[in-house]
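Undergrad: Below is the structure I would like to discuss, written out as structure tokens.
The values are calculated or read from the model by the stated rules, or taken from the named source; none is laboratory data. Just so you know, these numbers come straight off a predicted model, no measurement behind them. Using ideal geometry, Cβ is built from the backbone for each residue, glycine included, and neighbour counts are taken over all protein chains shown. For accessibility, only protein heavy atoms count, side chains too; no ligands or nucleic acids. Shrake-Rupley method; radii C 1.70, N 1.55, O 1.52, S 1.80 Å.
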Amino acid sequence: MNNRQLFSNHLGQTSQFPLAIEIEKAEGMYMYEKNGKSYLDLISGIGVSCLGHRHPDVIQAIKDQTDKYLHLMVYGEFVEAPQVQLAKALSDTLPDHLDNVFLVNSGSEATEGALKLAKRHTGRSKIVSYVDAYHGSTSGALSVCGNENLKNPFRPLAPNTFQIRFGEKEDLNFIDTQTAAVIIEPIQGEAGVRMTDTLYFEALRSRCDEVGCLLIFDEVQCGMGRSGKFWAFEHYDIAPDILLCAKGMGGGMPIGAFISSKEIMHCLTHNPILGHITTFGGHPVSAAASLATVSHLLRTNLIDQASSKGELFKSLLVHDKIKEVRGVGLMLAVEFESFDFLKELIDRLLEMGYLTDWFLFCDNSMRIAPPLIIEEDEIKMACSAILQAIHDVS
Ligand code: PMP
């Protein structure tokens, strides 16, 4: 049996339309098939490979760490240099009160940890989230997901969770003194890259303060420089009580985090028993890769460049069939008339050697989220390919 047959016979499947391409090597902006065919990566493994594939700094950090140790003990027992240095590096990018970092394995686990932390801190159980929000696949994270189709087969999920409309100030009244937390993506990802304005975020922050609940920002997808700022919430004038990150954070390795003040975090880790336990959270190899990724992002001007690179995409993606190009930095959605048209387009682009995708809850929009290292020439090439593919399938 070849690997493609093993893939369909023996690997648990998630997607209705798996790409089922066997990649032998990936480097920088490109992935390579066994037969030598290359694909320009325009989605970064869904917002993960922010420095491209196999970035030398990340590879070196992984090699150095594997020479020292792999797993030692469950998370939070030993002093592991990559973990503590990563925690400090992340804290240094944030407002003073966000100084305590709990390392986990993924975005979903970051969501779980944050929701538990908010419940424990406030002694309340109600959680408010948003229509079309995605915060992960585990039961707690699914409970705060804003898509009924995804949730329905798995009910009952966590009770006392409510979704309000993104950017609609009237809905802030649903946030009340029973509420433990509001969880929101500063830029909604799987909804198809949806943004709202500073005034909304200011009103949300005030409402949370008024009722005494915590505000959680999920930056699993929009963080780590993708929006043109290190953290997407820097586009607005307010800060959260808890911040989530994962995906791009590991530069290709699995890691996530939820971050709060030490005072808030303390109530989860002690008092009266353990609150969140993880065997592999903040694995030292992932933490070393993450530290190299964060350091590289801070040392270079890749994040500043993300804004102008995004604008270049927008200026070049002009066509009658394109209804809108939404987003900031290198977190973009290109809207077409229907899923059927987009699906044909994505398949055609794949044939031409360009990897794109749609969004979980917005299937008429193409995801453009390339590694931040993409160069101007590659953007021009990608945009001409997209326009050519539109022509081919029209
Ligand atoms: N939050 C957001 C905003 C996400 O986009 C995702 C993943 N798409 C998650 C959480 C869940 O992350 P993971 O798949 O690593 O569990």
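Undergrad: Could you state the accessible area per residue of the chain in Å², with a 1.4 Å probe and every protein chain left in place?
TA: The answer is 44 Å² per residue.
Undergrad: In whole Å, largest first, what are the principal axis extents of the Cα atoms in the stretch 255-323?
TA: That gives 60, 30, 23 Å along the principal axes, largest extent first.
Undergrad: With a cap of 11 neighbouring Cβ atoms within 10 Å, and only residues DSSP puts in a loop, list the GluC sites (Glu not before Pro) found in the stretch 152-231.
TA: none
Undergrad: Amide H neighbours of ALA181 under 5 Å, at least 5 residues apart or on other chains, H built in the peptide plane: list them.
TA: The answer is VAL128, LEU214.
Undergrad: P(r) for the stretch 203-344: what percent of alpha-carbon pairs falls in each 5 Å bin, starting at zero?
TA: Reading the bins upward from 0: 2, 8, 13, 15, 16, 14, 13, 9, 5, 3, 1, 0, 0.
Undergrad: Continuing with the same structure: Rounded, prolate or oblate for the stretch 224-265? Axes are the square roots of the Cα gyration tensor eigenvalues, ordered a ≥ b ≥ c, and the cut-off for rounded is a/c under 1.5.
TA: Taking the square roots of the gyration eigenvalues as a ≥ b ≥ c, the stretch 224-265 is oblate.
Undergrad: Kindly write out, for the stretch 220-237 in residue order, the coupling ³J(HN,Hα) from the Karplus curve 6.51 cos²θ - 1.76 cosθ + 1.60 (θ = phi - 60°), rounded to whole Hz, with x marking Gly and Pro.
TA: Karplus-based 3J(HN,Hα) across the stretch 220-237 equals 4, 9, 8, x, 6, x, 4, 8, x, 10, 4, 10, 5, 5, 5, 6, 10, 9 Hz.
Undergrad: Straight-line reach from LYS63: which lysines have a Cα under 28 Å away, not including same-chain ones fewer than 8 places off?
TA: Hits, sequence-local ones excluded: LYS25, LYS34, LYS88, LYS247.
Undergrad: Here is a follow-up. Do you know the relative contact order of the stretch 93-247, to the nearest whole percent, from alpha carbon pairs under 8 angstrom that are 6+ apart?
TA: It rounds to 24 percent for the stretch 93-247.
Undergrad: Now, a different point. Under 16 Å Cα-Cα from LYS314, which lysines qualify once same-chain neighbours fewer than 8 residues away are excluded?
TA: LYS323, LYS380
Undergrad: Under 1.5 on a/c is rounded, so check that first for the stretch 115-216, then, if it is not, pick prolate when a/b is larger than b/c and oblate when it is not; a ≥ b ≥ c are the square roots of the alpha carbon gyration tensor eigenvalues.
TA: Because a/c hits 1.5 or more and a/b fails to exceed b/c, the stretch 115-216 counts as oblate.
Undergrad: Does anyone have the angle between helix 302-316 and the longest principal axis of the chain? Alpha-carbon axes, 0 to 90°, nearest 10?
TA: Tilt relative to the chain: about 50 degrees.
Undergrad: Tell me, what % of the accessible area of the stretch 310-394 is carbon and sulfur with a 1.4 angstrom probe?
TA: 46
Undergrad: Could I ask something else about it? What lysines sit close enough to LYS119 to cross-link, taking a C-alpha to C-alpha distance under 23 Å and skipping anything fewer than 8 places away on the same chain?
TA: Candidates past the 8-residue exclusion: LYS151, LYS262.
Undergrad: Which peptide among 363-373, 286-296, 138-148 comes first, and what is the full order, when sorted by highest mean count of other Cβ atoms within 10 Å?
TA: Descending packing order for the listed peptides: 286-296, 363-373, 138-148.
Undergrad: For the stretch 45-52, what does the Karplus curve 6.51 cos²θ - 1.76 cosθ + 1.60, with θ = phi - 60°, yield as ³J(HN,Hα) per residue in whole Hz, taken in order and with x for Gly and Pro?
TA: x, 6, x, 9, 7, 5, 9, x
Undergrad: Same structure again: How far apart, in nanometres, would the label points at GLN13 and ARG299 be if each is projected 7 angstrom from Cα along the Cα-to-Cβ direction?
TA: That separation, rounded to one decimal, is 4.4 nm.
Undergrad: Counting only protein heavy atoms and a 1.4 Å probe, tell me what percentage of the stretch 90-195's accessible area is made up of carbon and sulfur.
TA: 49
Undergrad: Taking Rh as the Kirkwood radius computed over C-alpha pairs, what is the Stokes-Einstein D of the chain at 37 °C in a medium of viscosity 0.692 mPa s, expressed in µm² per second?
TA: Taking Rh from Cα pairs, D becomes 152 µm²/s.
Undergrad: Something else about it: How long, wide and thick is the stretch 1-100, going by the Cα atoms along their three principal axes, in whole angstroms, largest first?
TA: Rounded to whole Å, the extents work out to 50, 30, 29 Å.
Undergrad: Next question, about the same structure. For n ≥ 4 DSSP H runs only, could you compute -39500 (n - 2.57) per run for the chain, divide by its residues and tell me the 222 nm figure to the nearest 500?
TA: -11000 deg cm²/dmol
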